[in-house]
Amino acid sequence: MSSLCKEIVTLQLGHYSNFVGTHWWNLQDASLSEELGEINSDVAFREGRTIDGQVTYTPRLIAMDLKGSLQTLRQEGCLYSTNKESSTISWEGAITMHQESPVSKNPFLLDLDKLETGVLLAQDDFNNTDKAHGSGAFGADSVNRQLERVAKSYALEGSVRVWSDFLRIHLHPRTISVIHQYNHDGETHRLEAFGQGEPLLQGSLLEDLEDRLHFFIEECDNLQGFQVLCDLTNGFSGLGSKVTELLQDSYGGKGILTWGMVPVTHPNSTPMKDLYHVINTALGMVHMANHSSFFCPLTLRGGLGRRPGPPVAFPHLTYDPSLWYHSSSVLALTLDALTAPCRLRQNGVPVGQMADLLTGSGRKVVAAYGTVPLPMMQGTTLPDSLSSCADALPWKPLSSCPDGGGGQCYAQLLTLRGLDEQRLVSHAVPGPHAPSALHGLHSGEDVLASYISSFYPTGTLDMHLLSSPSKLTPPFPQIFSADLDEQGWLQSRYLPPGSVPPTVSSAPVLTCLQSSPALGPWLAELQRTVGALNIRRLAPSFLSQGPEMSEYQEALEQLRLLARCYRDDSKGAANFSSEDDDEDSDD
């Protein structure tokens, strides 16, 4: 594909999706200073001007959340605010003043406030209006340098309550949409069920969403499609089903990549809420898969059922699975790599083509896997790293689907970030004494293809290798083990006890989007789990809010049929349990 920019509009639906999205946009913002870099930021960002003529560069984003979820963030932002002090209202009656204590800000937000008022920088440093270097209305280079110099490192684990507590960029006034019918906190008016979310997209909320979509889309020269991040375990799964249906109906032919976000834990959960979570997951998955080019769950949870296994553990990460601030940062870092192919400046893959590669024969659900970071010693190469993982793939499941395709795979899309050309191939003299066959190959693509084919000899394989890593700037949490250096490479020396480990500012990442027979049993197990529930007895309030019982049963049947699409024809039904065989015999 040429370097012509093909824009993407992003939608974030729900609080955890906004957690992941905030980290993702912070990662994009950190790379804005890279002129003519591998990633074309114009794909995701838009240029605008304030009423004073100041150039802005903001995400092409619509973010939905509930009442009370913004805390210190103004819904309309501050870039385009006007001076209203001159507007006075004449009133001669009595006046009663009610004063509320302002919501306290964490150290990161306080430093951002100082940056904007020029306390930490001269005003001239903020007046860089070159959009290639813009971060909101400010220079990304200046902001990055100041945050790194002033903040050293932020320990926000105890102070992050909502996603805006670590948002480092400005948003357009058309970005944030608040759903006032439901509360973010409290015991009442909570958006907990699929049936609550479905009917929301009508009336004023539908008109508001359509207006926001039209605003962002009409200024696009070559829209390639949409990226949707949607909470999967609460009522946003129902809203997301209707939003993706709207996108499909209104913008047919444009790609829709939908990511279903699932946190490892839910605050104040109960057995009944856990029941709702798994039902919402099943219904949301089948509906959003129907209306999207592909659907991919993203989670570090050990399973999507009621009794999940332990959270995903990475050898060189020390994240706390119970903290949304932590788990969302890992997912955002992998999502940055997973979505890189559709944002490349050269030889990119539009979202529609990404989906076409992975979704043959009705297989609309795909699974994600990732290695964060790719374990490499300083001075070693990709063949060295992969040959040390000859017995098992280095990645971990990011969709809770185990990598159990039995060596069979329909299609894969791999992205490797953070290795320059010198690290992609071995520089050892080839010959019979080479450490492995990988060391004799002459390109990074050949090395990666040869390695992957040793596990998956069949199926389509597409690869994208980027030399630039994701930049991990404040307030990205320091969730890395002490055996990594500043660039995310394994250190050959051990730190003395009591010494402070280095702050990791970048990391090599390997991700994979995969369609394989392993998804069949995984989807079938989810269908059986939900289908076995006596929902009228266990959760009667779920159906009282919709859907109808017939619609509920139809969705579970669609999920069962979706699972069957992943059967490996060469092995018949060997990948499925006898229960599936019994069901199929009744067809």
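The values are calculated or read from the model by the stated rules, or taken from the named source; none is laboratory data. On a predicted model such as this, the values are computed, not experimentally measured, just so you know. Positions of Cβ are generated from backbone atoms using ideal geometry, with glycine treated the same way; all protein chains shown enter the neighbour counts. Just so you know, the surface numbers come from the protein's heavy atoms only, side chains and all, with ligands and any DNA or RNA stripped out. Shrake-Rupley method; radii C 1.70, N 1.55, O 1.52, S 1.80 Å.
Under 5 Å between amide H atoms, partner at least 5 residues away or on a different chain: which partners does Ser506 have, H built in plane at 1.01 Å?
Amide H to amide H, under 5 Å and 5 or more residues apart or across chains, Ser506 pairs with Leu472, Gly488.
Given a 1.4 angstrom probe, what's the average accessible area per residue across the range 265-324, in square angstrom?
Heavy-atom SASA per residue in the range 265-324 reads 38 Å².
What is the local net charge at Ser467, summed over the other residues whose Cβ is closer than 9 Å to its Cβ (Lys, Arg +1; Asp, Glu -1)?
-1
Can you give me the solvent accessible area of Cys401 with a 1.4 Å probe, rounded to the nearest 10 Å²?
0
Could you give the length gained on full extension between Gln346 and Phe455, defined as 0.36 nm per residue of separation minus the Cα-Cα distance, in nm?
36.3 nm
5 Å is the cut-off here: which amide hydrogens, built 1.01 Å from N in the peptide plane, fall below it relative to Met261, excluding neighbours closer than 5 in sequence?
Cys230, Asp231, Leu232, Leu298
Using the heavy atoms of the protein chains alone and a 1.4 angstrom probe, what is the accessible area of the range 487-538 per residue in square angstrom?
Result: 45 Å² per residue.
Once the whole set of protein chains is in place, how much accessible area is left on Tyr552, using a 1.4 Å probe, in Å² to the nearest 10?
Rounded to the nearest 10, that gives 10 Å².
Determine the relative contact order of the range 295-355: mean sequence separation of Cα pairs under 8 Å and six or more apart, normalised by residue count, in whole percent.
Computed value for the range 295-355: 19 percent relative contact order.
Charges only on Cβ, +1 for Lys and Arg, -1 for Asp and Glu: so what's the dipole of the range 266-380 about the Cα centre, in debye to the nearest 20?
So the magnitude is around 180 debye.
Shape of the range 243-304 from its Cα gyration tensor (a ≥ b ≥ c, root eigenvalues): rounded if a/c is under 1.5, otherwise prolate when a/b > b/c, or oblate?
Taking the square roots of the gyration eigenvalues as a ≥ b ≥ c, the range 243-304 is prolate.
Within the range 295-411, what whole-number % of the accessible surface is contributed by carbon and sulfur, with the 1.4 Å probe and all protein chains included in the calculation?
Here it works out to 51 percent.
What distance in nm separates the two pseudo spin-label positions at Ser204 and Asp221, each 7 Å out from Cα along the beta-carbon direction?
Simple spin-label model gives 3.9 nm for this pair.
Filter the GluC sites (Glu not before Pro) in the range 21-71 to those in DSSP coil with at most 12 other Cβ atoms within 10 Å of their Cβ, and list the result.
Counting only loop positions with at most 12 other Cβ atoms within 10 Å, the GluC sites (Glu not before Pro) in the range 21-71 are Glu35.
For a quick check of your reading of the filter: which GluC sites (Glu not before Pro) in the range 216-257 sit in a DSSP loop and have no more than 16 other Cβ atoms within 10 Å?
The qualifying sites are Glu219.
Could you work out how much longer the chain between Met272 and Gln553 gets when fully extended? Use 0.36 nm per residue separation minus the Cα distance between them, nm to one decimal.
99.1 nm
Given labels modelled 7 Å from the Cα in the Cβ direction, how far is it in nm from Glu76 to Met463?
5.2
Explain nothing, just compute: Karplus ³J(HN,Hα) = 6.51 cos²θ - 1.76 cosθ + 1.60, θ = phi - 60°, for every residue of the range 282-288 in order, whole Hz, x for Gly and Pro.
Those phi angles translate into 5, 5, x, 5, 5, 6, 6 Hz.
For Ser443 and Val103 in one chain, what is 0.36 nm times their gap in residues minus the Cα-Cα distance, to one decimal in nm?
This chain segment gains 117.0 nm when fully extended.
Using only the heavy atoms of the protein chains and a 1.4 Å probe, how would Thr339, Thr458, Thr72 rank by accessible area, largest first?
Thr458, Thr72, Thr339
Can you grab the distance from the C-alpha centre of the range 152-168 to the C-alpha centre of the range 339-387, Å, no decimals?
So the two Cα centres are separated by 29 Å.
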